[in-house]
Structures are given as structure tokens and as C-alpha cells.
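Here, each number is a calculation from the coordinates, and none is a lab measurement. Predicted model, so just to flag it, every value in this text is computed and none were measured. Cβ sites come from the backbone with ideal geometry, for glycine too, and all protein chains shown count toward neighbours.
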Amino acid sequence: MGASRDIGRNDFKWGGLTDQQFGGSAGTESQGGEPLRDSQFPASRGDAATWFHRMTRSSTCPWLMLICLLIAGCSRSKEDQLRSAVKEVRAGHTTEIDLSESPLEDDALLSELQGLDGLESLNLDRTPVTDDGLAAMGHLPNLHLLSLAQTRVSNAGIATLVTNFPKLVSLRLDETVITDPGFAELAHAEHLEMLSLHRVPVSDAGCKQIAKISTLTTLGLDQTMITDRGLTSLKSLPQLKRLSIWQCQLSESGIERFQRDQPDVAVNR
């Protein structure tokens, strides 16, 4: 349920170092037996890439070659990579965008997604995106899959996504701070079939709200606070087929009772 790869912004730094800092730290390396002085290190990114290319052609240092390859793969700015992904969707080449683990420090960057009718799947796992970021994306009429695990999205953001993404089928909110009011908003998601809430503060009261999402077929509640009472509430989900309740506050008898009453539900415990 979560892929990874990242996108950056135009203030990209190599491992947290600027070009000048990187050059200063490598001043004792050598080329052809001669020390490389700080003055021999380029000040601009373009010159730096050229320097690394020249060095790897003559150097036998494996780590230097590896650094060069890494830099070549990360040369574009975060905005450029995001815009490139958007362009691919607009051209019909893909329906998916994966921004997981990206340091999206500016929620406004997500406004690039506005009007992207061809977008069906968006992964924002482990990014600092907030409710403002969700609002910035605007209306995405055909978004089916949205992954927001380990983000800063709150209950207010849930109301936004229910309104702006009307065809949402799969939603991942693992390790977020969503609580009962947010679950109540999800009851208005008319097409939601898969909901993942692992390590989210879901209570028995929250289960009552989740039980109103009548379209759910798959529900993940690992390491939440639900008890036997909350589990009983989930029996009212008419289409539920898969339920994960690993390491919850449940008794053995409560789980067995649920399985007896819901024989068509596959339970991961």
C-alpha cells in the first residue's frame, strides 16, 4: 500500500551540504596524486556535475563514482519533478503520482495538481503535508487511491478530501492524528472501500462512526485502542470482507464471537 521515491524543491542540497561545503570537506582527496584544493571545487551545481563527470572518468575511487550517480539522479528541483509528473498525467501517460517521503516543505506546491482530472492514484506517505496541502490540490474528480500515512493531516483535512475527492475508493491514514470527528466525516465518502488506520487513536466511539461507512470491504485497525465493544460495532458493516486487528485491546472471547457472527470476514489478528 505504499510505494516510495521522492521529489525535491529547488533549494536541494547534497546530503545537507551546499556545493561549497561539500568542496571544503573533500579538500584532501587527490587526482593523479595531487591534492584537490578548495578552489578547485566548483561553486555552482552545473559546474559541480561537470566536475564529477570529469573526475569519474579518471578516478578509481568507487565512492566518488557512486556520489556522481546519486547527484545525477537528483539534479532536478522538487518543483520541476512535480511538474514533470503532472505533465505525464495530463498527457495520458500515467494515472499515478508518487511523492512519498518527499520533503514537501511548502503545501502550496500541491496546487500544481489542481484540475488534474486524469489523476487516479496519489501517494503522499511520510511527507509533511498538512490540511492546507489537501485544500491546495483542489477538486480531483477521478482520484481513487490516496495514501497519507505519517503525514500532518488532521480531522479538518478529512472533511476536505471527502468533498474534493468524491470517487475515493482507497484511503490510507496510518500513524496520523485523526480522531472521532474525522471518522464521522468519512461516513460521507460514498465510494470508500478500503480504509487503513493502523496506529491511529481509534476508540470504541470511533468504531461507531467507522461502522457508518457502509461501502467498506477492507479495514485496517492494527495497534489501535478498540475493545470488544468497538469490534461489535463493526458487525454492522454490510460489505466487510477483510479486517486487521493485530495488537488491539481485544479479548480472545470477543474476537471469537465476532468471527462466529461474521463468518465471511477474514480476520488478521
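Whole-Hz ³J(HN,Hα) for each residue in region 81-93, computed from phi via Karplus 6.51 cos²θ - 1.76 cosθ + 1.60 with θ = phi - 60°, x for glycine and proline: what do you get?
In residue order, the calculated couplings are 5, 5, 5, 5, 5, 4, 4, 4, 5, 4, 7, x, 7 Hz.
Could I have the simple spin-label model distance between Val267 and Thr227, label points 7 Å from Cα toward Cβ, reported in nm to one decimal?
Reported label-point gap for Val267 and Thr227 is 1.7 nm.
Considering amide H positions built from the backbone, and no H for Pro or chain starts, which residues 5 or more places from Arg152, or on another chain, come under 5 Å of its amide H?
Val129
Once label points are set 7 Å from the Cα along Cα→Cβ at both Glu96 and Ala108, what is their separation, rounded to one decimal in nm?
3.2
Find how much the distance from Asp117 to Glu88 grows on full extension, using 0.36 nm per residue of separation minus their present alpha carbon separation; answer in nm with one decimal.
My answer for the length gained is 9.2 nm.
Specify whether the C-alpha gyration tensor of region 92-178 places it in the rounded, prolate or oblate class, a ≥ b ≥ c being the square roots of the eigenvalues: rounded for a/c under 1.5, otherwise prolate if a/b is larger than b/c and oblate if not.
rounded
Along Cα→Cβ, 7 Å out, is where each label goes; now give me the distance between the ones at Asn164 and Ala187 in nm to one decimal.
Result: 2.4 nm between the two label points.
Using only Cα atoms, locate the centre of region 119-133 and the centre of region 142-200, then give the distance between them in Å, rounded to an integer.
11
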